[in-house]
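The values are calculated or read from the model by the stated rules, or taken from the named source; none is laboratory data. Bear in mind that the values here come from a model prediction, so they are computed numbers and not experimental data. Note that we place each Cβ from the backbone using ideal geometry, even for glycine, and neighbour counts take in every protein chain shown. Accessible surface is based on the protein model in full, side chains and every heavy atom, while ligands, DNA and RNA are left aside. Shrake-Rupley method; radii C 1.70, N 1.55, O 1.52, S 1.80 Å.
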Amino acid sequence: MSSEPLKYVSSPQDGGGMPPRQSTKKQTKAEELIAAYKVLAYEIEEKGKRAAELMIANTELAFQNGEKENRAAELIVANIELAFQNDEKGKRAVELMIANKELAFQNGEKENRAAELLIANKELAFQNEEKEKRAAELLIANKELVFQNEQRKKRAAELIVANKELVFQNEEKEKRAAELFIANKELEQFAYVASHDLQQPLRTVSNYMKVFEEDYVTKLDDNARKYLNTVNKATERMSILIKSLLDFSRLGQNRSLSYVDTKELINEVIADLDALIKSSGAVIEVSEMPSLKIYDSEMHQVFQNLICNAIRFCKKDTQPRIKIWAKLIVNEWKFSVGDNGIGIAPIYFDRVFDIFQRLNKDSESEGSGIGLATCKKIVQLHHGNIFLESIPEVGTIFHFTIPNLKHAK
Amino acid sequence: MPSNLSCVMLIDDNPDDSFFHEREIKKSGLAGAIIIKDSGADALEYLKSKAAKKLHPELIFLDINMPGMNGWEFLHEYNCLDKELQISSIIIMLTTSDNPADVEKAKKWSFVNDYKTKPLTSGLMNEIMAKHFPKMAMVEDV
């Protein structure tokens with residue numbers, strides 16, 4: 001209730017409103033009291049409403065309480081259920097934890113696998129790179145191989161051509177060798193027959209000269225004897241020449257290689273020439289000499305001829321001094337026979353090795369003039385060379401080379 | 001003068017050589033009879049004949065180069081004769097050739113005792129006597 005001054009109160013009975021303020025105090029107070037009584041009535045009304053409301057409310061509340069209790073009961077059930085659920089939840093939670101641990105472990109493993117996979121992938125990537133490198137190399141190698149094969153085919157073709165050529169060459173060589181063999185045989189035969197058939201009539205001349213001399217010696221004067229002597233000398237010379245020619249043509253026939261100590265060989269030659277050496281007073285100095293494969297008896301002739309010449313072509317009133325030595329040059333032995341004789345003028349160096357070449361008058365020295373030609377032929381049989389150095393009136397050195405064969409071919 | 005060999009035979013187709021050789025043998029005085037045959041065939045005939053029994057050559061000089069039967073062929077035929085006949089003679093090759101191949105060839109026959117090159121001289125005869133008939137050899141200066 002408000003203690004407000006009443007402003008205007010209208011009731012339905014009034015029909016309109018009363019003049020407001022200009023009342024007396026009693027009126028005012030009555031009014032006030034009416035007002036207050038109105039208010040109170042209102043308030044009681046209100047309170048009554050309120051009480052009614054309250055009753056409703058209480059009913060509602062009771063209902064609500066009833067409901068609440070229902071709810072509470074339900075809640076209890078629900079709580080039990082909840083507790084159960086919580087229990088379950090708890091179990092589920094535990095299981096979940098285990099599962100989570102398991103998951104964590106699995107994840108850990110997965111990460112390991114992932115890490116391993118990463119490494120494996122890196123390795124694979126590396127391998128692939130290597131494979132690609134190998135593939136690239138292989139490609140190059142294959143190209144190279146193809147090229148090589150082509151080359152080989154070319155070479156093979158060339159080889160076939162070369163072989164055909166070689167076969168042809170060999171056939172030609174064999175033909176030449178056969179021709180050479182025949183030519184040599186013919187030559188040998190010619191030389192033999194010529195010498196042999198020449199010897200016969202020569203011998204007849206010589207023999208009958210003897211017969212003539214023996215039977216008619218008493219009837220011959222000095223001149224006759226001189227003439228006969230000349231004839232005899234000439235036939236003798238002819239006989240020597242023919243024999244020399246025959247021997248020369250036979251040089252090297254049936255020769256055979258053998259391992260020879262050339263010092264021993266030379267000593268044998270010196271022994272053979274003993275008489276000549278002693279009569280000439282010659283001194284022969286032989287150095288260290290090698291052993292090698294040579295044609296024994298043929299080389300014997302070489303040294304014999306060279307030493308003989310060295311002694312024969314000596315200076316007058318000078319003791320012949322002869323030196324023999326050898327030197328190994330790469331794979332050849334160079335033998336040397338030096339003397340202090342009359343020497344040979346350089347313009348004759350080529351001619352001395354010709355057959356029957358003699359640079360001195362017949363009377364000055366014996367010999368068929370075939371000694372050096374023989375040496376040359378024999379040295380050539382050995383596939384060597386013969387040459388000389390000389391200073392007239394000082395001396396001469398003959399050199400010849402022989403391949404150093406030590407082992408069987 | 002007593003001779004050492006009763007008979008020497010020369011087998012050579014060249015009469016000039018035979019003439020000379022006969023002369024030389026006579027000069028040496030080392031043989032009684034000298035029989036000359038100019039072919040191997042004739043020589044064989046003689047050796048097989050009755051005459052040979054009376055006069056058999058102890059020494060035979062054989063040439064190599066002869067027309068018809070040459071020295072080698074003669075030796076083949078001689079080899080077929082009686083062994084008794086063979087050993088009663090010695091054969092010496094007397095030839096122009098001094099070819100080593102021929103010397104070797106001659107060595108193959110046991111009844112060929114020597115190999116000489118022509119000409120045969122009295123000096124050579126003496127050598128031969130001393131070498132092959134030592135008991136009969138007489139030293140003689142010719």
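Restricting B:Leu94, B:Leu55, B:Leu30, B:Leu44 to residues that are more than 14 Å from every other protein chain (Cβ to nearest Cβ) and in contact with a Leu (Cβ under 7 Å, 6 or more places away or on another chain) narrows the list to B:Leu30. The range B:55-142 holds helices (runs of 4 or more DSSP H) entirely within its bounds, and those carrying 2 or more residues that are open to solvent by 20 Å² or more (accessible area, probe 1.4 Å), at pLDDT below 90 and under 25 Å from A:Ala191 (Cβ atoms) map to B:100-107.
Criterion applied to A:Glu144, A:Glu130 was being more than 14 Å from chain B (Cβ to nearest Cβ), over 30 Å from A:Asn232 (Cα atoms), under 54 Å from the mean Cα position of the chain (by Cα) and open to solvent by less than 70 Å² (accessible area, probe 1.4 Å), and the one residue passing it is A:Glu130. Beta carbons closer than 8 Å, at least 6 apart along the sequence or on distinct chains, pair a first residue in the range A:326-349 that is over 13 Å from A:Leu306 (Cβ atoms) with a second that is basic (Lys, Arg) and assigned to a loop (DSSP other than H, G, I, E, B) for A:Asn340/A:Lys315; A:Ile342/A:Lys315.
Among the residues of the range A:148-185, the ones that are within 30 Å of A:Phe248 (Cβ to Cβ) and not acidic (Asp, Glu) come to 11 in all. Scanning the range A:190-228 for residues that are open to solvent by 80 Å² or more (accessible area, probe 1.4 Å) and more than 13 Å from chain B (Cβ to nearest Cβ) yields a total of 9.
If you check A:Ala183, A:Ala191, A:Ala136 for being small (Gly, Ala, Ser), over 30 Å from B:Thr95 (Cα atoms) and part of a helix (DSSP H, G or I), only one passes: A:Ala136.
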